[in-house]
Amino acid sequence: MTNEELLPTTRRTLIHRLATAQAEGRAPSLVGAVVRGGELVWTGSRTSVDGHAPDENVQYRIGSITKTFTAVLVMRLRDEGLLDLSDPLEKHLPGTGVGEITIADLLSHRGGLAAETPGPWWERTPASLRPELRDVLGEEPFKHPVGRRFHYSNPGYTLLGSLVEAVRGEPWEDVLRREVLEPLGMHRTSRQPMAPHADGWAVHPWADALLPEPAEDLGLMAPAGQLWSTAADLARFAVFLMQGDDRVLSAESVHEMKTPAAVADSGDEDQTYGFGVIVVSGGGRTFAGHSGSLPGFLASLWTCEEEDVAAVVLANCTSGPAVSAVAAELLLAVAEAEPRIPEPWRPLPEVDQDLLELTGAWYWGTSAQVLRLAPGGVVQLGPLAGGGRASRFRPNGDGTWTGLDGYYAGELLRAVRRPDGSVSHLDLGSFVFTREPYDPEAPVPGGVDPEGWRGLS
């Protein structure tokens with residue numbers, strides 16, 4: 001699909017929402033960007049200083065959006081076979097005192113670690129106060145049993161950054177630049193600010209007055225929130241989070257990052273956390289991204305694959321505008337005013353006749369299921385009508401398929417054939433799917449009553 005410029009009415013809606021957020025949130029400046037179809041299609045900004053409106057290339061601190069970048073680096077190590085997400089931290093980063101935590105638990109904030117470091121607030125004090133990991137973790141690093149619940153942890157991502165350094169043998173920021181920023185063309189994203197950049201401000205809660213915020217280097221805590229970036233660079237990162245990029249991370253691994261691994265501590269099951277990514281579901285849409293804040297700055301990035309739209313909002317104030325809500329509203333404004341035009345339907349380039357034979361109705365007990373073909377040899381199995389267990393399966397090249405999502409993720413699907421080559425049934429994780437409900441000719445678990453179906457007399 002050719003990506004057309006947004007309609008004037010849509011553009012006015014976007015700038016109106018951004019202007020309202022800046023005015024009502026009393027932000028010194030606010031910049032936003034929207035991506036559609038893999039391209040930056042809109043940017044806008046509002047400022048309190050006439051003639052000095054920031055553009056999409058002005059740097060702001062992005063706070064905890066940094067965590068998503070750190071998670072990408074860890075996933076790259078996994079994909080290279082240098083570690084497994086089920087590995088305990090101790091295997092690759094010994095001597096921390098919390099080495100029983102798995103890498104997956106750290107990525108999804110299920111490690112049980114404290115939310116913050118001991119001592120003075122780390123975001124507003126010099127990194128020299130925390131020169132070693134033991135200073136980041138403190139004497140009592142655990143607040144919950146490992147793996148038991150979601151508890152957002154900044155020190156947990158410091159450990160992941162140190163893990164990257166231990167495995168790669170070089171500083172986190174050097175690895176990040178070479179493996180993520182440069183391949184994605186994010187040349188305006190950096191550990192330290194590069195001009196032009198915004199200054200961070202606190203806005204008095206009861207008066208229109210400003211106070212400059214300190215811009216501390218976070219030291220060991222950098223992998224949790226150090227980065228400076230721009231709306232344009234984060235738009236590029238948003239495209240990566242929707243599509244993947246084999247130079248950085250495959251689409252399959254990016255999808256894994258966006259798969260919920262923990263329910264948010266608010267108890268709201270609509271908000272979950274994957275690996276370095278917040279996932280929010282509602283209204284038939286799924287939003288994936290991250291928010292961030294540091295003294296003087298607010299940031300938010302949301303993507304929506306169903307709509308093929310993403311939005312970024314950055315502000316240079318400690319509190320005020322609800323940038324996460326604003327970014328979601330920018331995204332929805334485009335999705336609703338200019339709905340995505342589907343790609344044309346096209347037939348498969350070729351059809352495997354043995355695979356075609358498997359399509360159509362199957363029965364799990366008395367539940368009617370349908371198996372359909374999709375491009376790339378993928379098959380879809382799910383209920384004929386209504387809700388229930390449904391999954392996609394990728395081919396393994398040996399006549400079997402492995403579940404990609406849903407209830408059957410990771411499970412093996414195979415077609416069992418009779419001696420004459422005809423298909424007897426489908427076997428899926430001990431479940432038997434037959435062409436007829438409780439087919440007496442198939443090995444239905446528990447058997448089938450030999451008298452067959454009957455009425456009630």
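So here's what we get for this one:
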{"item": "Residue in the stretch 151-167 that is in a loop (DSSP other than H, G, I, E, B), farther than 22 Å from N57 by Cα and of a type in the set (S, T, N, Q) present", "result": "yes"}
{"item": "Residues satisfying the stated conditions in the stretch 9-27, i.e. part of a helix (DSSP H, G or I) and under 21 Å from I62 (Cβ atoms)", "result": "L14, R17, L18, A21, Q22, G25"}
{"item": "Any hit, the stretch 53-69, residues being part of a helix (DSSP H, G or I), out of contact with any strand residue (DSSP E or B) (no Cβ under 9 Å at 6 or more places or on another chain), crowded, with 21+ Cβ neighbours inside 10 Å and in contact (Cβ under 8 Å) with a residue 60 or more places away in the chain", "result": "yes"}
{"item": "Residue match in the stretch 389-412 (condition: among the acidic types (D, E), loosely packed, with under 15 Cβ neighbours inside 10 Å and either on the phi > 0 side of the Ramachandran plot or without any contact (Cβ under 8 Å) to a residue 12 or more places away in the chain (or both))", "result": "yes"}
{"item": "The one condition in (1) buried (at least 22 other Cβ atoms within 10 Å of the Cβ); (2) out of contact with any strand residue (DSSP E or B) (no Cβ under 7 Å at 6 or more places or on another chain); (3) within 28 Å of P120 (Cα to Cα) that P205 fails to fulfil", "result": "(1)"}
{"item": "Residue in the stretch 334-345 that is surrounded by the most Cβ atoms within 10 Å (Cβ to Cβ), counting only those that are part of a loop (DSSP other than H, G, I, E, B) and of a type in the set (A, V, I, L, M, F, W, C)", "result": "I341"}
{"item": "Unique match (being assigned by TED's automatic domain parsing to the domain that holds W364 and either more than 17 Å from A374 (Cα to Cα) or modelled with pLDDT under 95 (or both)) among D427, D439, D449", "result": "D427"}
{"item": "Qualifying residue in the stretch 267-275 (condition: within 30 Å of R148 (Cβ to Cβ) and more than 18 Å from the chain's Cα centre (by Cα))", "result": "yes"}
{"item": "Count of the stretch 79-113 residues which are without any contact (Cβ under 8 Å) to a residue 40 or more places away in the chain and within 19 Å of L181 (Cα to Cα)", "result": "1"}
{"item": "Number of the exception - A328 against (1) surrounded by fewer than 19 Cβ atoms within 10 Å (Cβ to Cβ); (2) of a type in the set (G, A, S); (3) closer than 30 Å to G386 by Cα; (4) within 25 Å of the chain's Cα centre (by Cα)", "result": "(1)"}
{"item": "Filter result for the condition that a residue is closer than 27 Å to P437 by Cβ, of a type in the set (A, V, I, L, M) and at pLDDT below 95, over V370, V351, V378", "result": "V378"}
{"item": "Total residues in the stretch 102-123, condition part of a loop (DSSP other than H, G, I, E, B) and either in contact with a strand residue (DSSP E or B) (Cβ under 7 Å, 6 or more places away or on another chain) or at positive phi (or both)", "result": "5"}
{"item": "Subset tally (residues that are under 15 Å from the mean Cα position of the chain (by Cα) and either crowded, with 24+ Cβ neighbours inside 10 Å or among the β-branched types (V, I, T) (or both)) for the stretch 295-314", "result": "8"}
{"item": "Matching option when the condition is surrounded by fewer than 21 Cβ atoms within 10 Å (Cβ to Cβ), part of a strand (DSSP E or B), in contact (Cβ under 8 Å) with a residue 12 or more places away in the chain and in contact with a strand residue (DSSP E or B) (Cβ under 9 Å, 6 or more places away or on another chain), among L6, L30, L40", "result": "L40"}
{"item": "Single condition E90 does not satisfy, out of (1) more than 25 Å from the chain's Cα centre (by Cα); (2) part of a loop (DSSP other than H, G, I, E, B)", "result": "(2)"}
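The values are calculated or read from the model by the stated rules, or taken from the named source; none is laboratory data. Computed from a predicted model, the values in this text were never measured in an experiment. Please note: Cβ atoms are built from the backbone with ideal geometry, for glycine as well, and neighbour counts cover all protein chains shown.
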